[in-house]
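Here's the structure, in C-alpha cells; my notes come after.
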Amino acid sequence: MTAQDLDSFFDIAEKGLADRIIDTYLTGRSFSIKSLAENINLNKTDKYSEVHLLSMLYYLGYLTIDPKLSSSSKLSLKIPNIFMSKLFAQCTVDLRLKPNSLFKDEVLDITSLLEVNDDISSFANSCTEFLSTIFTNQVLSHMSEMALNLVLHAKLDSMFGVFVEMQKSLRIVGKGEKYADLVITVNDGTEDECIYLIELKYAAKKDATEAKLESMKKEATDQAQTYKTALEFKDKQVKAYAMVFSG
C-alpha cells in the first residue's frame with residue numbers, strides 16, 4: 001500500500017469526492033455510509049460513488065470500522081493507524097498542496113535552524129505567515145492540528161538543508177511509544193547536527209481565550225520536553241519547542 005495507490009483510487013472517484021474525503025480526514029471525523037457495497041467492479045468505466053470508494057478503501061485496509069460511532073442505521077469508518085494516516089496525508093499534499101502556486105511560492109525562514117540558534121522566533125513568525133496564506137486563500141479549507149502539521153511538514157520537506165519527519169514514533173522510558181508532531185534535523189551528519197522537536201497545538205478563534213491558549217502552551221511544552229528524552233535522541237543535540245496557533 002502506497003500513497004500513489006491511494007491517489008489512483010481518488011482519480012476514479014466522482015467529481016468532488018476526493019476533496020470531501022480529504023476534508024473529512026483533516027478534521028479528524030469518521031466517514032459515514034449506510035452500509036458497505038457488496039459488489040465492487042474494479043474494471044468499471046464509470047466514476048466510483050462515495051459508498052463504492054469508501055467500501056473499497058475498507059476492503060483494502062485503508063479504513064476500518066469505528067464501532068463506537070456505528071449503529072444499526074449507519075456504518076462509520078475511520079483511518080486505523082498512523083501508517084494509514086500518513087498515506088492520506090501524502091495524498092493531501094499531492095492533490096491539494098503541490099499543485100498550488102501559493103504553496104510553492106511561499107517560503108519559511110529556516111536561517112535560525114540552520115545556524116542552530118535557541119531563538120527561532122523568525123522561523124515561528126514565518127510559519128504563522130505561511131499558514132495564514134494557505135488557509136486564508138482556501139488552499140486547505142479546514143484548519144486543525146493535523147492540517148497545521150501536514151502543511152508545515154510538506155513545506156519543510158520541499159526545502160534544502162533540513163530533514164523533517166511528521167508524527168515520528170519515539171520510545172519514552174516509562175511512557176511507551178509516543179508520536180512527535182515535527183522532528184526537524186539540520187546539519188545532518190556534521191558536528192553541528194541538531195534536532196528541533198516541535199509540538200503543535202491549534203485553537204479555533206471562538207475558543208482561543210487567554211486561559212485556553214496558556215493551557216495549550218503548557219501542554220505542548222510538557223509534551224515536547226517529554227519527547228526530548230526519547231531513546232532515539234540519546235547523545236544527540238535536541239531543542240524542544242511548543243507552537244500554538246489560533247484562527
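Annotations
- Selected residue (criterion: nearest to the chain's Cα centre (by Cα)) from residues of the range 27-51 that are at pLDDT below 85 and either closer than 15 Å to Arg96 by Cα or of a type in the set (Ser, Thr, Tyr) (or both): Thr27
- Odd one out for Thr136, checked against (1) crowded, with 16+ Cβ neighbours inside 10 Å; (2) at pLDDT below 90: (1)
- Across the range 224-247, the number of residues qualifying as surrounded by fewer than 20 Cβ atoms within 10 Å (Cβ to Cβ) and assigned to a helix (DSSP H, G or I) comes to 5.
- Test result for Leu197, assigned to a strand (DSSP E or B) and in contact (Cβ under 8 Å) with a residue 12 or more places away in the chain: yes
- Some residue of the range 99-115 being surrounded by 15 or more Cβ atoms within 10 Å (Cβ to Cβ), of a type in the set (S, T, N, Q) and free of Cβ contacts under 8 Å to residues at least 24 places away in the same chain: yes
The values are calculated or read from the model by the stated rules, or taken from the named source; none is laboratory data. From a predicted model like this one, the values you see are computed outputs, not experimental measurements. Virtual Cβ from ideal backbone geometry, glycine too; neighbours counted across all protein chains shown.
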